[in-house]
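Asker: Got a structure here, written out as structure tokens. Questions coming.
The values are calculated or read from the model by the stated rules, or taken from the named source; none is laboratory data. Quantities reported herein were computed from a predicted structural model and do not represent experimental measurements. Because the Cβ atoms are built from the backbone with ideal geometry, glycine has one as well, and the counts that use them run over all protein chains shown.
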């Protein structure tokens with residue numbers, strides 16, 4: 001299986017990712033689990049900043065229903081990474097994100113993946129349509 | 001400073017603590033940070049099991065206002081530890097816990113510490129008195 | 001897309017998964033990231049127990065090169081889960097795992113996923129063949 | 001017990017602390033455990049940047065032997081904090097750090113604490129003297 005090439009210019013929102021000492025595992029690299037916390041933080045940062053998501057008291061919250069990651073090059077604290085995010089699909093109440101991490105000065109992703117958010121009503125947990133500012137923000141970073 | 005000796009028979013509630021692969025850091029031992037998640041889990045497990053604490057919807061929640069830990073012997077995944085908890089002081093709305101971790105077959109703590117919980121009203125964040133089942137549960141594991 | 005059904009009897013190795021207080025996120029459920037630490041711990045527990053993996057000083061170490069998870073039902077501390085593991089493919093130096101998590105008394109997975117390990121030489125990071133006790137252990141839980 | 005007042009101008013090294021989505025717990029604030037990962041990262045960042053600490057292959061490594069934290073004001077993702085560090089005591093092979101976290105635009109610490117590092121030989125785990133660049137770096141941020 002050939003390695004996939006994921007480039008920085010495919011993404012539409014970027015944010016610095018600061019590694020932590022405890023992100024490194026016994027083998028001296030950022031543990032595979034921790035990449036998902038980088039992804040998770042990228043998505044929620046964007047939704048809060050641009051989409052008006054109110055994680056504390058808003059009526060609508062997002063549940064992750066699937067996620068995946070390809071690890072192509074190891075990373076270690078104290079590296080600072082650049083996280084890239086785009087929206088790959090928007091449905092009525094769900095959205096697919098594509099995400100990647102880039103080392104300083106490198107346009108080739110050291111890791112990349114995807115996550116799907118389903119938005120639900122906080123009280124009932126029933127799917128609820130993505131509307132208004134949230135939809136606008138997601139469409140703003142949509143690219144095929 | 002002489003090492004303090006903390007023994008298993010000083011504690012009144014016990015629970016197994018399962019280490020995780022990612023708890024180990026670059027130096028191959030459980031990271032100092034993670035011990036607090038063991039402590040935190042011990043306290044909340046007891047409060048939920050015995051004190052009727054409802055972390056999702058209860059009116060009263062607990063905030064940690066201070067914590068400390070002495071690390072006396074290193075620990076590493078895949079070890080299973082035994083966590084010990086007791087209440088060292090109960091006030092109107094706050095409680096001091098003493099905690100320790102023990103290796104399999106060893107009555108001398110490999111780490112020990114303390115935490116203080118202040119119980120507050122979830123809606124207002126104002127301190128609220130410890131009453132009823134919660135107070136009974138805390139008193140049940142109180143020992144000087 | 002219909003929900004996939006993953007059953008407990010598809011797996012060959014099981015281990016209890018103890019949730020922690022801090023696994024729960026703002027929405028009151030175990031955060032999506034944390035499931036991978038359950039997976040990671042399952043795999044490494046098996047490799048250490050049965051495969052003779054020496055994570056501290058062994059010549060051979062395993063790197064995760066991809067991972068994915070489908071979240072089907074939410075989970076929350078203080079639940080205890082049952083983790084299931086099997087090997088789905090063994091190559092020369094890499095192995096694909098299938099993993100799932102089950103709630104107490106429920107044979108239908110609340111989450112399931114996959115991970116691929118590539119074994120490498122600790123000193124050179126070059127892929128190295130899976131041999132001896134490690135291969136035997138992986139074959140012992142292989143099932144299509 | 002009166003609240004202690006810890007101010008930004010007591011510290012000699014500063015670094016931004018980026019919170020993560022999963023740092024927030026069920027009560028919507030950064031979990032008490034996570035503050036120690038901020039402290040830990042501050043210390044190791046400084047030691048790597050200025051003290052020449054080589055966490056992957058250096059002969060000397062640092063073990064935390066005690067830590068404590070006072071939580072004075074809650075913090076929540078997506079806040080960015082400012083971490084302050086100073087050295088409060090340097091011995092032959094051990095060092096005491098004082099640490100604090102500050103909210104944007106606020107010189108009063110929202111949390112503060114201390115940690116003690118004992119430097120040891122990586123191979124033997126025996127305490128080893130703090131010398132050369134490492135000692136210089138620690139002395140550079142020493143203040144009573």
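Asker: Touching a residue at least 24 places away in the same chain (Cβ under 8 Å) and out of contact with any strand residue (DSSP E or B) (no Cβ under 7 Å at 6 or more places or on another chain), is that true of residue C:108?
Answerer: On the way: touching a residue at least 24 places away in the same chain (Cβ under 8 Å): yes; out of contact with any strand residue (DSSP E or B) (no Cβ under 7 Å at 6 or more places or on another chain): no.
Spelling it out, it is not the case that residue C:108 is touching a residue at least 24 places away in the same chain (Cβ under 8 Å) and out of contact with any strand residue (DSSP E or B) (no Cβ under 7 Å at 6 or more places or on another chain).
Asker: Now for a separate question. Give the residue that is surrounded by the most Cβ atoms within 10 Å (Cβ to Cβ), with candidates limited to residues of region D:92-105 that are over 11 Å from the mean Cα position of the chain (by Cα) and touching a residue at least 24 places away in the same chain (Cβ under 8 Å).
Answerer: Initially, region D:92-105 is screened for residues over 11 Å from the mean Cα position of the chain (by Cα), giving D:92-95, D:102-105.
When the remaining residues are screened for being touching a residue at least 24 places away in the same chain (Cβ under 8 Å), the result is D:92-95, D:102-104.
Working: D:92: 11, D:93: 18, D:94: 17, D:95: 24, D:102: 22, D:103: 16, D:104: 9.
Ranking the candidates gives D:95 first.
Asker: Moving on. Restricting attention to strands (runs of 3 or more DSSP E) lying wholly within region D:33-111, give those where 2 or more residues are modelled with pLDDT of 95 or more and at the interface with another protein chain (Cβ under 8 Å from one of its Cβ atoms). Quick ask: steps written out before the conclusion?
Answerer: On the way: elements: D:60-71, D:80-90, D:94-103.
Qualifying strands (runs of 3 or more DSSP E): D:60-71.
Asker: Now for a different question. With the checklist (1) within 27 Å of residue C:111 (Cα to Cα); (2) touching a strand residue (DSSP E or B) at 6+ places or on another chain (Cβ under 8 Å); (3) touching a residue at least 24 places away in the same chain (Cβ under 8 Å) in hand, flag the one item residue A:126 doesn't pass.
Answerer: Tallying (1) within 27 Å of residue C:111 (Cα to Cα); (2) touching a strand residue (DSSP E or B) at 6+ places or on another chain (Cβ under 8 Å); (3) touching a residue at least 24 places away in the same chain (Cβ under 8 Å), residue A:126 fails exactly one: (3).
Asker: Please go through region B:114-144 and pick out each residue that is under 17 Å from the mean Cα position of the chain (by Cα), outside any helix (DSSP H, G or I) and surrounded by 12 or more Cβ atoms within 10 Å (Cβ to Cβ).
Answerer: Answer for region B:114-144, where residues must be under 17 Å from the mean Cα position of the chain (by Cα), outside any helix (DSSP H, G or I) and surrounded by 12 or more Cβ atoms within 10 Å (Cβ to Cβ): B:114, B:115, B:116, B:117, B:118, B:119, B:141, B:142.
Asker: Report yes if residue B:64 is over 26 Å from residue B:20 (Cα atoms), in contact (Cβ under 8 Å) with a residue 12 or more places away in the chain and surrounded by 18 or more Cβ atoms within 10 Å (Cβ to Cβ), otherwise no. So that I can check it myself, show each step before the final result.
Answerer: Values: over 26 Å from residue B:20 (Cα atoms): no; in contact (Cβ under 8 Å) with a residue 12 or more places away in the chain: yes; surrounded by 18 or more Cβ atoms within 10 Å (Cβ to Cβ): yes.
Criteria not met by residue B:64.
Asker: Separate question: Looking for whichever is surrounded by fewer than 22 Cβ atoms within 10 Å (Cβ to Cβ), at pLDDT below 95 and touching a strand residue (DSSP E or B) at 6+ places or on another chain (Cβ under 6 Å) here; the options are D:26, D:5. Which one fits? Give the derivation first.
Answerer: Details: D:5 fails: touching a strand residue (DSSP E or B) at 6+ places or on another chain (Cβ under 6 Å).
Just one listed residue meets the conditions, D:26.
Asker: Quick one: which residue in A:12, A:19 is in contact (Cβ under 8 Å) with a residue 40 or more places away in the chain and within 10 Å of another protein chain (Cβ to nearest Cβ)?
Answerer: Values: A:12 fails: within 10 Å of another protein chain (Cβ to nearest Cβ).
The match here is A:19.
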